[in-house]
Structure formats: structure tokens, C-alpha cells
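The values are calculated or read from the model by the stated rules, or taken from the named source; none is laboratory data. If you're wondering where the values come from, they're calculated on a predicted model, not measured in any experiment. Cβ placement follows ideal geometry from the backbone for every residue including glycine, while neighbour counts extend to all protein chains displayed.
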Amino acid sequence: MPSGPLRPARTPRPTTSQPRTWALPPRVADALGKLLSQSHALTGDSLQSAVQFAQQSSIPLHEAILRLGFVDERTVYATLAAATGLDFVDAREVVPTPMALRIVPARVARQHQALPITVDDRTMTYLTSSPYDPDAERDLSFTSGRRPVAKLACPSDLRIALQHSYRDNIDIEGLLSQARSHTRSSVEAIHTFDDGTPTDSAVVELCNTLVARAVDSGASDLHLDPSDNGILARVRVGGVLEAVLALPADVARMVLNRFKVMARADIAVRQRPQDGAFAMKVGGRRIDVRLSTLPTTFGEKIVMRLIDSESELQSIGTLGYDEQLLARFRRILDRPDGLVLVTGPTGSGKTTVLYAALHYLRTGRTNIVSVEDPVERTLPGVNQIPVNARAGANYASVLRSVLRQDPDVLMVGEIRDEEVASIVGQAAYTGHLVLSSLHTIDAATAVTRLLNLGLEPFRIAESLSGILAQRLIRRLCPACRTVDSSGPAAGPGCPECNHTGWGDRMPVAELLVPTPEIRAIIGRNGSATELRQAMRSAEIRTMRDRAQLLVAAGATTEHEIARVIGTDDAESETGANARQTVLVADDDPVTRTLVRLLLERDGYAVVEASTGRIAVDLTASKGPELIVMDLNMPQMDGYEAIQAIRRIPSATKTPIVVVTAEDGAETERKVLALGADDYIVKPFEPTVLTARIKAVFGRQRLAA
Ligand SMILES: [Zn+2]
């Protein structure tokens, strides 16, 4: 065995749960002892015992004095302040500024028992009871992007002040107005189940608004994802999760509870999954919401599926496919047997397609059965059987009993596991028309997925009728879109499109109907790549082909396609080399160049804008991760630009650092009113700028 270099015996590392053990500098400890003795608060003997106790227990002297009960807390800390030369502050009388609370996240403040009270462009002043805590200083400096300046306070007062400050920071009204800013529809709860728990009407309003916002944006579901700092409300639109609102911990709890109460889930249960449902009227239409909860390491997560039961049942002719695809799709549905799959990520419209297919099939066929989890809408003429997998019902056993009745057409909501795959495969192979869905990126991958689920290649080769893979992409608002040499682009927004530049969503699909060559490839267990090549030779249009046609027709943009389908270069999607992009908006070219050079040196990619208008356009097209925005610019100033940026769905949460000429309360008020994340005062030093930007990214990571 090779012997390593000799190492000293390992000393046990203190864990964070242990009491803090940093010692006072000897000079401070001496001064503390002397001052307490001089004021006759402490006798010489008591001081000796306290010094000994501090050493034995590895705690600072002031804590030892307190624990021994020699002197009261206020006297000890006031004297410690004198010994250290720090100001002593009564934490009960301090009201931190909103900016200070924004700049130090609650999590960091609580972890270090440090209360930020004021900030200016260079410093962040905070209260602490532990004046020599290098970890706290480092974290506070990092999250604020400023030099931390400590003032001393009693720990018991500080704890209470921390609780109050970060609770008072809950601005439900503010959150509500943020949520409302993108919501058009009115909303009311139907059959609300009330358990008698008093609920803040603002919380009720906030929950309703979140649902309305999700419905308005055409979302398939609303997610409440827990983080250390609260929850992030996100909506899934066209398969993409878009952040809507970050809710701080205390509000988050109320919002989660409110939704659980509405869905008749048990609010006391957080450690195991629960299901529930409720209905709301949004913009006059009934929306059924299926709620499920899931415990995660950060806490409880809630996903709500939004089901618009009153939306008109689509026929396959109105889904938005081109004639060629539609004719082929009808042809495979007209066959008496075979497996028809619809694939795509969540929110790509699979269920809508399956229902449209059943709608098409129910005329003429006698026995149509669907097995769904859950049944999303009733369909006359179809025997719909709900499966509640979580309630213990077994998808596979339900399927088996259904098949014993030998239906002509079987629809299985989703193929989730090998058992279901095997039953579906068997049914298709034995002369049934079987419709189902799979969660895969394209048609070729669906085939390999079936193989991975244990279906025999020759059986798939024989029974597969077709695979429809699709995504939903946003259509440009035809009233305000622009087209120039670089292609179509979203317009500035107009009343037609609710000032978003975008209209409804449309499918881009590929329909794989196997040719004899493709069946041969499937039969010999070929790869997805081989299948794609064969599709190309068979001139089967891919999703990307169709998407390009839509761009050529001016219906959507390259950027939208890249967002939804991904780029051709699969490597670039992994983001291994993806640099964070910072948009720098300033009308002064010298400042812009300076900022760009500094940020590029730190590894950021930089895009520059000389006016607010350009900044808004670049935010929409480039999707920067952070924006540095000068407030005084020609044409459109920073104020207007920030408001316009917040209306861009993808940029509602993009951090913005405002560049301003003045410091002070007025600046802070403006920055907060604008919903910006921080500010920096001109002229600034390079290190100040880079520290500030790192801090904003750091806080964002903490909140994510
Ligand atoms: Zn428009």
C-alpha cells in the first residue's frame, strides 16, 4: 500500500449546529473584563471564573459571563460594544429600510442572526451580537455586494427584530399587484371548501390571481416550487415553465395552505403526497383544477393541472395541422387496428390531440373505451374509466379488465411503465385500435422508448400505425409583428395581443407513418438516429421542417423555435459552455465599453443597448440573465424601459441593477418602485460594479 505524506492527527471540525466558538480578540476580552469590573458589575473572582468557563467551553467571554448569570444581557452587550468600539443599538427600536431587507435575503440574515438596517452605494450596515464572525461578514458582503458595517445589539432583541423585519417585509399587496399585472380575467372560486381557518382576503385574492394568470397565459399547469426562501410560482406554457412570482416563506405557507384547503387536502399533512381538486370560474369559464402535493427536500411542492372543461372540444381538423399531415392522421385513425401514439413533453397538447382523435372516432365505432388518470373531460359516446393511481387503483389491472370486454378502440392516457406498455402492445397486436401518449422529444425517440419499455421490436414493427410528435409554439401577433432582413420578429405589442407581441399557440408536428424500410429498422431494433435518417429519406417532414415553414411564412420566429424545439446543435443545449449574458443599457458609450470590458473579464457575455427601446428589444430577443440599466437615456428612459421589460413574459424576474447619479432614500424608493434588484451610483469603481453584479446573481441563486 503506498504511504501518503505524514499528516497531523485530524482535529474534529466544528459543525454549524454547535455553538459559535470564535473567541474575542484578547485585547477586547481584556477591555470587557476591565470595564465590567470598573462599573462593579462583576467582581474579580467572578471574572476569573468566567474566563475559565469561556476557555473550557470554547465560547467567547461575554457569552460565558451571561451563561453564568453574573450580569444581565443588556449590560454585557452595551459593555462589549464599548470594548469593541462598535455602536450599541437597541434592536427593538430599529426599522430596517426595505432596500436593506431586499439586499440581504432572509435566509442569510437568519443563518447569521444579522439584521441589515441600512444600505448605501458602498456599505451595508447591520446589527449583530457576534462582532467577530468572519463567516457572517463574508456572506453579508457577498449577498449585498457592499462592505458590511456592524453595530452591536442584544441577541434576544435581535431575534425578535429579525422576525418582525422579515415578516413585515411580506408585502402581499405588492405581490398581488405583480401577479395582477399580467392577468386579464376575473376569477371566482366555485364550491370553495372552507375549514373555518381565518384566511387573509389578500391571500385568497393572490391564489385566485395566480390561477387566473395561469389560465390567461394558456398554461396547462401551475407549479408552486419550494426553495429555501419560500416558493416560486411558475406556469407551464407550451411545455415551458415560466416563473410568475416569487413568494417569501411566510406568504408561501399561507398560499400553499389556501390551495390545499380549496382542494380539500389535509393542510396538516406535508410529508406525504396528496391529491385534491377544486373548480374556479376564470373569465366566466369553468376551470377544473387537479391539485397534487409532493414532499421535497425543501418542503412541499404543489402542482395544479388546469383543465378547461368548457373549452370547445377540438376536432382534428381545427387543431391547426396542415392538410398533408391531417390526411395522413385521418388515414391511420381509419384503420381498424394498430397503435397510434401522441408524444411530446408536458403541455405540448397531447391530451387535446387524443380527445380530438376520440371525437373523430366516436362516430361509427361501437365500443370505445378510455382509461385515464384523471378523466379530464367527459366525452359522450366514449366509456371513460378513471384511474386514480395514487388512491391505489392499478392502471394495469384496470386495463386488463377493460380488455376482457374487447373494445374496438382503446385509449390509454399515458404509457408510464413496462406493465402498461406490455398491455398496450398486446392490445394493438391483437386487432384493437389503441391510442396513447408518451413523454418523448420526437417520433423516433418514441420508438426507442417503446423498445426500452420491453416491447418486442417485431411486434412494434408490425402493429405501429403512426406516431404524432408535437410542440406548441407561439404565433406572432399578426397586427404588430415586424419582418426585416433577419426574419420575422415580435412587434412592440398592441391592443390585439395584450401588448405582448404574441398571439395564440399552434402545433408544430411530425407524423411518423412507418414505411416498409422504417418497419424493417424498428424490427431489427435500430437506433433513433437510423430512424431519423429513414424518415428523411422517406421525405417525412420533421417538426423542425414544419417550424421553418412557419418562420418563412412570418408566423413565428427562429428564436421561438429554438426555445421550444431546441437548436440543431444538441451540444449547445447542454449549456456546458453557456456563459451568463448581461445586458448593459447606457447612452454613454464610454461607460458601456468600460462595463463590457469588466464583465467580459469576469466571464460574462455582454450585449449593449444605447437606448431604453433597444434594451427592451434585446431583452426580448437575447433573454439576458441580468440587466444593468442607466435611468437617464434618450428616447425611452430607464423607468419606461424597466416597465416594458417586466411585461415581457420571459423577463418578469430577470434581475435589474439600476445605474443612477444619486444615492439616498429617494433613490432606494425609486429602485424598489421599479421592481429593480439593486442600484449602483455613478461614477463607480470597477470592483464595486463586479461585486454588485455577483451579489445579485448570488441572491438569485439563493432564491431559486
Ligand atoms: Zn400585437
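Does SER227 satisfy the condition of being touching a Phe, Trp or Tyr at 6+ places or on another chain (Cβ under 8 Å) and at pLDDT below 75?
On the way: touching a Phe, Trp or Tyr at 6+ places or on another chain (Cβ under 8 Å): yes; at pLDDT below 75: yes.
When the stated conditions are applied, SER227 passes them.
If only one of SER437, SER397, SER422 is of a type in the set (S, T, N, Q) and touching a Lys or Arg at 6+ places or on another chain (Cβ under 9 Å), which one is it?
SER437
Collect the residues in the stretch 50-70 that are outside any helix (DSSP H, G or I) and either among the basic types (Lys, Arg) or surrounded by 13 or more Cβ atoms within 10 Å (Cβ to Cβ) (or both), keeping them in residue-number order.
SER58, ILE59, PRO60, LEU68, PHE70
Output the residue which, of all residues in the stretch 474-516 that are among the basic types (Lys, Arg) and in contact with an Asp or Glu (Cβ under 8 Å, 6 or more places away or on another chain), is farthest from LYS350 (Cα to Cα).
Only one residue tops the list, namely ARG475.
Looking at (1) at pLDDT below 85; (2) in contact with a Gly (Cβ under 8 Å, 6 or more places away or on another chain); (3) not β-branched (Val, Ile, Thr), can you tell me which one GLY4 breaks?
Result: GLY4 passes all but (2).
Hey, ARG474 hits all of (1) away from the ligand (no atom under 16 Å from the Cβ); (2) out of contact with any Ser or Thr (no Cβ under 6 Å at 6 or more places or on another chain) but one; which does it fall short on?
(1)
Which condition does PHE278 not pass, out of (1) in contact (Cβ under 8 Å) with a residue 40 or more places away in the chain; (2) over 17 Å from THR209 (Cβ atoms), if it passes all the others?
Failing condition for PHE278: (2).
Tally the residues that are aromatic (Phe, Trp, Tyr) and modelled with pLDDT under 90, restricting the search to the stretch 44-89. First the steps, then the outcome.
Pass one, the stretch 44-89, residues aromatic (Phe, Trp, Tyr): 53, 70, 77, 88.
Cutting the leftovers down to modelled with pLDDT under 90 gives us 53, 70.
So the count comes out to 2.
Given the criteria at pLDDT 90 or above and of a type outside the set (Val, Ile, Thr), does ALA41 qualify? Before the answer, list the steps.
Values: at pLDDT 90 or above: no; of a type outside the set (Val, Ile, Thr): yes.
Taking the combined requirement at face value, the residue does not satisfy it.
All but one of (1) in contact (Cβ under 8 Å) with a residue 24 or more places away in the chain; (2) crowded, with 17+ Cβ neighbours inside 10 Å; (3) not in a helix (DSSP H, G or I) hold for GLY554, so report the exception by its number.
(2)
When you go through ALA676, ALA695, ALA691 one by one, which is the residue that is at pLDDT 85 or above, part of a loop (DSSP other than H, G, I, E, B) and not charged (D, E, K, R)? If you could, list the steps in order and put the result at the bottom.
Values: ALA695 fails: part of a loop (DSSP other than H, G, I, E, B); ALA691 fails: part of a loop (DSSP other than H, G, I, E, B).
On inspection, the qualifying residue turns out to be ALA676.
Among all residue pairs at least 6 apart or on different chains, which show Cβ distances below 8 Å where the first residue, located in the stretch 636-657, is touching a residue at least 40 places away in the same chain (Cβ under 8 Å) and farther than 16 Å from THR500 by Cβ and the second is assigned to a helix (DSSP H, G or I) and aromatic (Phe, Trp, Tyr)?
PRO655/PHE697
Do we have GLN405 as away from the ligand (no atom under 16 Å from the Cβ) and either at positive phi or surrounded by fewer than 18 Cβ atoms within 10 Å (Cβ to Cβ) (or both) here?
yes
Hey, any hits in the stretch 579-591 for a residue that's more than 17 Å from ARG146 (Cβ to Cβ), in contact with a Phe, Trp or Tyr (Cβ under 8 Å, 6 or more places away or on another chain), aliphatic (A, V, I, L, M) and surrounded by fewer than 21 Cβ atoms within 10 Å (Cβ to Cβ)?
Checked against the condition, which is being more than 17 Å from ARG146 (Cβ to Cβ), in contact with a Phe, Trp or Tyr (Cβ under 8 Å, 6 or more places away or on another chain), aliphatic (A, V, I, L, M) and surrounded by fewer than 21 Cβ atoms within 10 Å (Cβ to Cβ), the stretch 579-591 yields no hits at all.
Here are some residues: SER401, SER422, SER348. Which one is more than 36 Å from the chain's Cα centre (by Cα) and not β-branched (Val, Ile, Thr)?
SER401
Take the residues in the stretch 35-49 that are in a helix (DSSP H, G or I) and in contact (Cβ under 8 Å) with a residue 24 or more places away in the chain; name whichever of them is surrounded by the most Cβ atoms within 10 Å (Cβ to Cβ).
Going through the qualifying residues, I end up with LEU36.
Just one of (1) part of a helix (DSSP H, G or I); (2) of a type in the set (Gly, Ala, Ser); (3) over 19 Å from LEU512 (Cβ atoms) trips up ALA356, so point out which.
Unmet for ALA356, out of (1) part of a helix (DSSP H, G or I); (2) of a type in the set (Gly, Ala, Ser); (3) over 19 Å from LEU512 (Cβ atoms): (3).
Within the stretch 268-312, can you find the residues that are surrounded by 16 or more Cβ atoms within 10 Å (Cβ to Cβ) and in a loop (DSSP other than H, G, I, E, B)?
none
Among the residues that make up the stretch 484-500, is at least one of them buried (at least 16 other Cβ atoms within 10 Å of the Cβ), within 16 Å of the ligand (Cβ to nearest atom) and more than 24 Å from ASP216 (Cα to Cα)?
Checked the stretch 484-500: at least one residue is buried (at least 16 other Cβ atoms within 10 Å of the Cβ), within 16 Å of the ligand (Cβ to nearest atom) and more than 24 Å from ASP216 (Cα to Cα).
Matching residues to (1) at pLDDT 90 or above; (2) of a type in the set (A, V, I, L, M, F, W, C); (3) within 16 Å of the ligand (Cβ to nearest atom); (4) more than 30 Å from HIS499 (Cα to Cα):
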site	(1), (2), (3), (4)
ASP417	no, no, no, yes
ALA444	yes, yes, no, yes
VAL447	yes, yes, no, yes
SER463	yes, no, no, yes
CYS480	yes, yes, yes, no
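Please work out which residue is surrounded by the most Cβ atoms within 10 Å (Cβ to Cβ), limiting yourself to the stretch 94-139 and to residues that are farther than 18 Å from LEU672 by Cβ and charged (D, E, K, R).
The qualifying residue surrounded by the most Cβ atoms within 10 Å (Cβ to Cβ) is ASP139.
Determine which single condition VAL235 fails, assuming it passes every other condition in (1) touching a Ser or Thr at 6+ places or on another chain (Cβ under 8 Å); (2) touching a residue at least 60 places away in the same chain (Cβ under 8 Å).
Unmet for VAL235, out of (1) touching a Ser or Thr at 6+ places or on another chain (Cβ under 8 Å); (2) touching a residue at least 60 places away in the same chain (Cβ under 8 Å): (2).
Out of the residues in the stretch 501-521 that are free of Cβ contacts under 8 Å to residues at least 60 places away in the same chain and of a type in the set (A, V, I, L, M), state the one that is nearest to the ligand (Cβ to nearest atom).
It comes out as VAL508.
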